[in-house]
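Where a number appears in this text, it was derived from the coordinates with a stated rule and is not lab data. From a predicted model like this one, the values you see are computed outputs, not experimental measurements. A quick note on method: Cβ atoms are made from the backbone with ideal geometry, for glycine too, and the neighbour counts reach across all protein chains shown.
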Amino acid sequence: MMLTVRKVFPAAKLINDRFHVQQLMSEAVDRLRIRYRWKVLDAENQAIREHRQKKKEAKSKAERERIGKWEPERMENGETLPQIVSRSKHIILKHWSKWNEQQKTRAAILFDKFPKLLEGYSLSMKLTDIFNKKSGPDEARLNLARWYNEVEKFDYMEFNKVLDTFSNHSTTIINYFEERLTNASAESFNAKIKAFRSQLRGVADLKFFMFRLARLYA
């Protein structure tokens, strides 16, 4: 696609869509959350197995009753740790300023148990703040370079794709700060085309389809 754009519009300045860049960072944080989710699920399953074994080895009914039924540990909000990690997907994809009270409580427990997840989330929000700040290309380049160094020091494999993207596309990412343009309008128009095509239940005559599009949206 980039090759086609360069051939058709040789003087055009390419811009990486900021929301796609931010999405990469959000996905990296979520992959880290998933890593911890499997970790706590494994720990819970191990605790259940140990409890069953202990009950199995009990020498009397009274001892088995004393051991009782296995109950998971519940946090101060009433949820188990696996539940908190599982239900936190939308929390870490959202800016902290948009959390409701329940999400704030859940996030406090989550980040207390997994401080590295807090660090990853903070780096993601820092990137969002850099894009939101009304700064020029030079200031943005400096801010992104500092942010990049922090992500590099964080050193979690889930963030390697983010680092590679910034290494390979730094120029087109910085170009956003000159015009502050996104491809939102193009995606909106693409959605209209898809909706129109679905109404027709497919395209039998491409030329006539393009003619109708031009008449509708030109």
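Note down the nm distance, to one decimal, between modelled labels 7 Å out along Cα→Cβ at residue 197 and at residue 38.
3.6 nm
Report the FRET efficiency, 1/(1 + (r/R0)^6), for residue 14 and residue 138, where r is their Cβ-Cβ distance and R0 is 22 Å, rounded to 0.05.
Approximately 0.70, to the nearest 0.05.
If R0 is 41 Å, what FRET efficiency do you get for residue 164 and residue 58 from their C-beta distance, rounded to 0.05?
E between residue 164 and residue 58, to the nearest 0.05, is 0.15.
Would you mind checking which residues have amide H under 5 Å from residue 80's amide H? H placed 1.01 Å from N; only 5 or more apart, or other chain.
75
Work out which GluC sites (Glu not before Pro) in the chain are exposed loop sites (DSSP not H, G, I, E or B, at most 14 other Cβ within 10 Å) and give the longest gap free of them.
In short, 77-218.
Please give me the summed charge of the neighbours of residue 148: other residues whose Cβ is under 14 Å from its Cβ, Lys and Arg +1, Asp and Glu -1.
That sum, taken over residues with Cβ under 14 Å, equals +1.
With r defined as the distance between the Cβ atoms of residue 76 and residue 99 and R0 fixed at 30 Å, what FRET efficiency is calculated, to the nearest 0.05?
Numbers: r = 17 Å, r/R0 = 0.56.
The calculated FRET efficiency here is 0.95.
With the cut-off at 26 Å, tell me which of the pairs 113/153; 13/94; 39/161; 13/161; 116/161; 89/126 have Cα atoms farther apart than that.
Table pairs above 26 Å Cα-Cα are 13/94.
Expected output is a single nm value to one decimal: the length gained when fully extending between residue 83 and residue 206, i.e. 0.36 nm times separation in residues minus the C-alpha distance. What is it?
Contour length minus the Cα-Cα distance gives 39.2 nm.
Give a residue-ordered list of calculated ³J(HN,Hα) values for the stretch 124-140 (Karplus: 6.51 cos²θ - 1.76 cosθ + 1.60, θ = phi - 60°; whole Hz; x for Gly, Pro).
With the stated coefficients, the stretch 124-140 comes to 5, 5, 5, 5, 4, 5, 5, 5, 6, 5, 7, 10, x, x, 5, 5, 5 Hz.
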